[in-house]
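Engineer: Below you'll find the structure I mean.
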Amino acid sequence: MNDDGLIRCSWANVRSGAHWEVYRDYHDQEWGRPLHGRVALFERMSLEAFQSGLSWLIILRKRENFRRAFSGFDIDKVARYTDADVHRLMVDEGIVRNRAKIEATIANARVAADLGSSEDLSGLLWSFAPPPRPRPVDGSEIPSASAESKAMARELKRRGFRFVGPTTAYALMQATGMVDDHIRDCWVPPAR
């Protein structure tokens, strides 16, 4: 329980300092809430890839910088990025400057832009959402990957997406409400 009397998932327990408010607010207002739309999901997919190997708090603190640097995650704009944009991003101190992740984000935008008119990124990603299940009692019941995230990662890789392994795919599913991994006692109400 926190100073406000609310029970939260253990990873979002509020500590002192303004940066922990970012974590708490993300947990309370976004994480696990159903998110649709190609741009919104492309942003989350990209941020999850950038987070790989880092703290999620680092990504959240740099989120506005990422949005600015990547044209608001507009898929069509990012898909047209050139080597000059890669260079621009590599010297941008406001984001995580990892060439492989930057190039993967651009490549992923190109794949997403090329999805046929009958299928968009939102529909593709949500096609892997499992049926609702009971919330976990505690964090020990939360997997790092699932059959659905493995299938999602396999299909995304088949289509040419990068930095989308099963663990990253599962984190994306959690963040966008495809799965509800808030613990049972967490104050955030179920969304699906």
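Engineer: Please determine, in degrees from 0 to 90 and to the nearest 10, the orientation of helix 18-29 with respect to the longest principal axis defined by the Cα atoms of the chain, where the helix direction is its Cα long axis.
Structural biologist: Computed tilt is about 90 degrees.
Engineer: Just to confirm the number: angle between the C-alpha axis of helix 99-114 and the first principal axis of the chain, 0 to 90 degrees, nearest 10?
Structural biologist: 80
Engineer: In addition: Under 8 Å for C-alpha pairs, at least 6 residues apart: give me the relative contact order for the range 28-150, rounded to a whole percent.
Structural biologist: Rounded, it is 25 percent for the range 28-150.
Engineer: Working from Cα positions, state the angle (0 to 90°, nearest 10) between the long axis of helix 166-175 and the longest principal axis of the chain.
Structural biologist: That helix lies at roughly 60 degrees to the long axis.
Engineer: Further question on the same structure: How fast does the chain diffuse by Stokes-Einstein, in µm²/s, taking the Kirkwood radius from C-alpha pairs at 20 °C and 1.002 mPa s?
Structural biologist: Numbers: Rh = 17.3 Å.
Roughly 124 µm²/s, to the nearest whole number.
Engineer: When the chain is fully extended, how far beyond the present Cα-Cα distance does Leu6 get from Ala84, taking 0.36 nm per residue of separation?
Structural biologist: The span from Leu6 to Ala84 would gain 23.3 nm if fully extended.
Engineer: Go ahead and run the numbers for FRET between Val91 and Ala191, Cβ-Cβ distance against an R0 of 41 Å, rounding to 0.05. Walk me through the numbers on the way to the answer.
Structural biologist: Values: r = 39 Å, r/R0 = 0.96.
Approximately 0.55, to the nearest 0.05.
Engineer: Just order 94-104, 136-146 by mean Cβ neighbour count inside 10 Å, highest at the front, would you?
Structural biologist: 94-104, 136-146
Engineer: Quick check on the range 91-141: take the gyration tensor over C-alpha atoms, sort the square-rooted eigenvalues as a ≥ b ≥ c, and tell me if it's rounded (a/c under 1.5), prolate or oblate.
Structural biologist: Oblate, because a/c is 1.5 or more while a/b does not exceed b/c.
Engineer: For the range 4-68, calculate the relative contact order in percent as a whole number, restricting contacts to Cα pairs under 8 Å that are 6 or more residues apart.
Structural biologist: 29
Any read-out appearing in this document is the output of simple, stated calculations on the displayed coordinates, not a laboratory observation. Bear in mind that the values here come from a model prediction, so they are computed numbers and not experimental data. Note that each Cβ is placed from the backbone with ideal geometry, even for glycine, and that neighbours are counted across all protein chains shown.
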